[in-house]
Structure formats: C-alpha cells, structure tokens
1. Could you check the range 53-68 and list, in sequence order, the residues that are in contact (Cβ under 8 Å) with a residue 40 or more places away in the chain and either more than 13 Å from Val106 (Cα to Cα) or not in a helix (DSSP H, G or I) (or both)?
2. Return the only residue of Thr99, Thr56 being open to solvent by 10 Å² or more (accessible area, probe 1.4 Å), modelled with pLDDT under 95, over 30 Å from Val28 (Cα atoms) and hydroxyl-bearing (Ser, Thr, Tyr).
3. For residues in the range 247-256 being within 20 Å of the chain's Cα centre (by Cα) and either open to solvent by less than 70 Å² (accessible area, probe 1.4 Å) or polar (S, T, N, Q) (or both), which is nearest to Val122 (Cα to Cα)?
4. Give me the pairs: first residue in the range 126-147 and free of Cβ contacts under 8 Å to residues at least 40 places away in the same chain and open to solvent by 40 Å² or more (accessible area, probe 1.4 Å), second residue in a helix (DSSP H, G or I) and not charged (D, E, K, R), beta-carbon distance under 8 Å, and six or more apart or on different chains, which are they?
5. Between Glu209, Glu192, which is within 18 Å of the chain's Cα centre (by Cα) and among the charged types (D, E, K, R)?
6. How many of the residues in the range 214-246 are open to solvent by less than 40 Å² (accessible area, probe 1.4 Å) and under 14 Å from Ile129 (Cα atoms)?
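The values are calculated or read from the model by the stated rules, or taken from the named source; none is laboratory data. Quick caveat: nothing in here was measured; it's all calculated off a predicted structure. We place every Cβ from the backbone using ideal geometry, glycine too, and count neighbours over all the protein chains shown. For the accessible areas, the whole protein counts, side chains as well, though only heavy atoms, and no ligand, DNA or RNA atoms are used. Shrake-Rupley method; radii C 1.70, N 1.55, O 1.52, S 1.80 Å.
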Amino acid sequence: MASGLLISALVSRLPALRDDLALDHASVGLLLLCMTGGSFAAVSFAGRFVLRWGATRIMQLGATLAGFGLLMVGLGAGALGNIVVTGIFLALQGAGTATWNVASNVQGAAMERALGRSIMSVLHGFFSIGTVIGAGLGVFAAAVDLPLTVHYPVMGLIVAGTVLISSRYFGPDGSRRSTEHRGGGMRQAWREPRTVLLGVLVLGMALAEGAAGDWVALALADGYDTSEATGALGYGIFVTAMTITRLLGGELVHRFGRVAMIRASALSALLGVLVFAWGDHLPLAFVALAIWGMGVALSFPLAMSAASDDPVRAASRVSVVSTIGYGAFLGGPPLLGLLAHAIGLLPALSCIGLLLVMAFLLAGNARGHEAVESTDHDEETSEV
C-alpha cells in the first residue's frame with residue numbers, strides 16, 4: 001500500500017509541479033524520464049540484490065530511498081524551482097521504488113506458494129488502495145493549494161516509516177541462494193523466451209497504467225479544460241476502479257485462468273483509452289477512466305505471478321520481466337510528451353492502444369510452465 005501512496009502523491013500533483021517549474025508538456029515528459037531512467041537502471045540489478053540479501057532488506061532499502069527522493073523533489077521544485085535538482089531526486093525516487101517493487105513481488109509470490117492460492121492481484125490491490133488514498137490526499141492538497149514543499153516531504157516520511165516498521169513481520173521469501181548460482185540464474189532467465197515475452201506483455205500494460213498516472217490529471221486539466229482538483233479527481237476514479245478490480249479479481253482468476261483474464265483486461269483497457277481520448281465529454285471521460293482502470297488492474301500482478309512459478313527462479317525472472325516492463329516507463333513519458341506537443345495530449349494517449357493489442361496477443365505466455373522447470377534446473381546446473 002505504501003508504494004501506491006508514494007506514486008499517487010507524486011502524480012496527483014503534477015500540474016502543481018509543472019507550474020512551479022514553468023514547464024510545457026514535452027518538458028514534463030522529459031522530466032519524468034529522470035524518474036523512469038532511475039527505475040530502469042535499478043530494476044536491472046534488483047533481482048541480484050534480492051538473491052544476495054533477501055526481499056525484506058531490499059524492500060526496506062528501496063522504500064527509504066524512494067521516500068527521501070520524494071521529499072527532495074518537493075524541495076527542489078517547490079522551494080528552489082530548479083529542474084536539475086528535481087530531476088536528480090526524481091531519479092533517486094524511481095530507483096528506490098523499482099528496487100522495492102521487485103522485492104515486493106518476490107515476497108508476494110512466496111506468500112502465494114505458502115497459501116496455495118492466487119493472491120497476487122489482492123496484494124496489488126493494496127498497492128491500489130494506497131493510490132486511492134494518495135489521490136484523495138492529492139485532491140485535498142490541490143484544493144487548498146498546499147505547497148509541494150509540505151505535501152511531498154510529509155508523504156515521503158510516512159511511506160518510508162510505514163515500510164520500515166511493517167517489513168519486520170515478513171517471512172522468508174525462498175529466493176536467497178549460494179553465490180555461485182546467482183549469476184547463472186540471471187543469465188538463464190534472459191534466455192527464456194517465455195520470460196522475455198512476459199516482459200513484453202508487461203511493457204504494453206505498464207505503459208497503459210503508467211500513462212494514466214503520468215498524464216490523466218494533465219489531460220483533464222488541459223484537454224478537457226478543467227481545474228487541477230478535477231484532474232486529480234479523474235485520476236482518483238482511475239485508481240479506485242483499478243483497486244476494486246484487484247481486490248475482487250481473485251475469484252475470476254480462479255474461474256477463468258490467467259490467460260483469459262489478461263486478454264479481457266487488454267480489451268477493457270483498450271476501450272477505456274479510446275473513449276477517454278475521443279469521447280469529448282467530461283462525464284464520459286470519467287466512465288472511460290473507470291473502464292481503463294479495470295482493464296489495467298490484473299495483467300501486471302498476473303504476469304508477476306507467472307514469472308514466479310518456480311520459487312528458486314522467482315527473483316531472477318521477476319527482475320527480467322520488470323526490467324523489460326520498465327522500458328514502458330522509460331520511453332513512455334517522453335514519447336507521449338513529444339506526441340502531445342505535436343498532436344495534442346488526448347490523441348497521443350490513444351496511441352497506447354497499439355501496445356494493448358500486443359498484450360492481448362501475448363497473453364498465452366502467462367500459462368504455468370511447471371512441466372519445463374526440471375529441464376531448466378538441469379540446464380542451469382550444467383552451466384554453472
């Protein structure tokens with residue numbers, strides 16, 4: 001939940017961040033690239049960190065870095081009005097969040113195996129609860145014109161403190177292994193077609209989810225000519241729909257399976273994106289945001305669950321899938337920002353539909369593959 005609280009606190013106030021730094025759409029996209037660049041760099045190594053030190057310690061480290069980064073973003077933008085300082089600490093915040101998220105997914109997969117049932121969507125639902133709370137606080141902060149120098153530091157301290165305290169109660173995740181097996185595990189994961197294609201699937205759905213976080217508040221404020229508070233409200237509708245779907249989606253996953261739910265999710269997200277981009281009426285835009293939120297709710301947690309079928313390989317595979325998926329966060333903000341500068345923000349968002357079609361076509365890779373696990377283990381052992 002704390003991770004969702006942090007990211008929602010950041011994106012719900014993007015209009016204020018833009019105004020404090022006097023940026024246009026393209027410049028906002030390039031600034032967000034600092035955060036996603038930090039995320040992409042960190043997630044590439046997060047699996048190795050988890051294998052060496054365990055998921056709990058890496059979650060604590062990542063949350064501390066992310067909370068401190070958000071605190072400094074508030075000071076850099078609100079107090080200094082300095083885009084360079086803001087960009088540096090956005091990168092730190094992104095690096096901490098990405099490392100923390102990989103470790104969280106490994107820990108969540110361990111909980112799934114211990115319980116013997118799919119709960120990853122519920123765990124991600126608590127992330128979404130955090131985003132709902134963060135969006136609500138963002139609406140309030142925007143309505144009362146709370147400075148970023150207060151909002152961001154307070155949220156950063158709350159997030160870091162919450163994780164440091166709650167993580168004391170986590171059990172072992174089963175991913176730590178002897179040093180001689182770590183490198184082989186990572187190399188092997190990058191050579192597995194299923195793992196790589198799961199990453200590509202996540203890339204498409206992550207862009208659809210991340211674009212909402214990065215641009216919905218601005219799209220409503222600018223494209224629909226509404227206030228900053230209304231933009232934050234729209235983002236709140238999106239994350240609320242995503243939260244409810246994640247919390248209630250477990251039974252649907254049990255009944256229909258990963259593949260069917262990912263395909264249904266991709267179609268729902270596609271519908272929501274297109275209606276939001278071309279609907280041209282604010283009430284319809286709010287409905288589209290709810291459909292969009294429902295569509296992106298399950299695919300990411302289901303892909304993480306699929307990547308974690310084997311507990312020994314969970315850290316390395318989650319790291320690979322996350323690294324590819326974070327390519328959406330790396331390339332998405334500047335690409336959408338440049339497109340928005342050229343053709344308008346709402347038409348630019350509609351282009352996400354191409355990647356949602358790709359995610360639909362790749363859904364079959366989310367099927368379990370326990371049958372090949374023994375072969376994979378033998379190959380890794382011979383390699384090492």
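1. Gly54, Gln60, Gly62, Ala63, Thr64, Ala66, Gly67, Phe68
2. Step by step, each of Thr99, Thr56 is checked, and only Thr56 is open to solvent by 10 Å² or more (accessible area, probe 1.4 Å), modelled with pLDDT under 95, over 30 Å from Val28 (Cα atoms) and hydroxyl-bearing (Ser, Thr, Tyr).
3. So in the range 247-256, the residues within 20 Å of the chain's Cα centre (by Cα) come out as 247-250.
Remaining after also requiring either open to solvent by less than 70 Å² (accessible area, probe 1.4 Å) or polar (S, T, N, Q) (or both): 247, 249-250.
Details: Leu247: 5, Gly249: 8, Gly250: 7 Å.
Selected residue: Leu247.
4. Short answer, once both residue conditions are applied: Leu146/Phe140.
5. None of the other options fit; the residue is Glu209.
6. Residues flagged as open to solvent by less than 40 Å² (accessible area, probe 1.4 Å) and under 14 Å from Ile129 (Cα atoms) within the range 214-246 amount to 9.
Residue-wise test of (1) at positive phi; (2) more than 15 Å from the chain's Cα centre (by Cα); (3) buried (at least 21 other Cβ atoms within 10 Å of the Cβ).
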position: Leu14; (1), (2), (3): no, yes, yes
position: Asp24; (1), (2), (3): no, yes, no
position: Gly38; (1), (2), (3): no, no, yes
position: Leu75; (1), (2), (3): no, yes, no
position: Ile88; (1), (2), (3): no, yes, no
position: Ala109; (1), (2), (3): no, yes, yes
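To keep it simple, each residue is scored yes or no on (1) among the polar types (S, T, N, Q); (2) over 21 Å from Val275 (Cβ atoms); (3) at pLDDT 85 or above.
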residue: Thr323; (1), (2), (3): yes, yes, no
residue: Gly327; (1), (2), (3): no, yes, no
residue: Pro333; (1), (2), (3): no, yes, no
residue: Leu361; (1), (2), (3): no, yes, yes
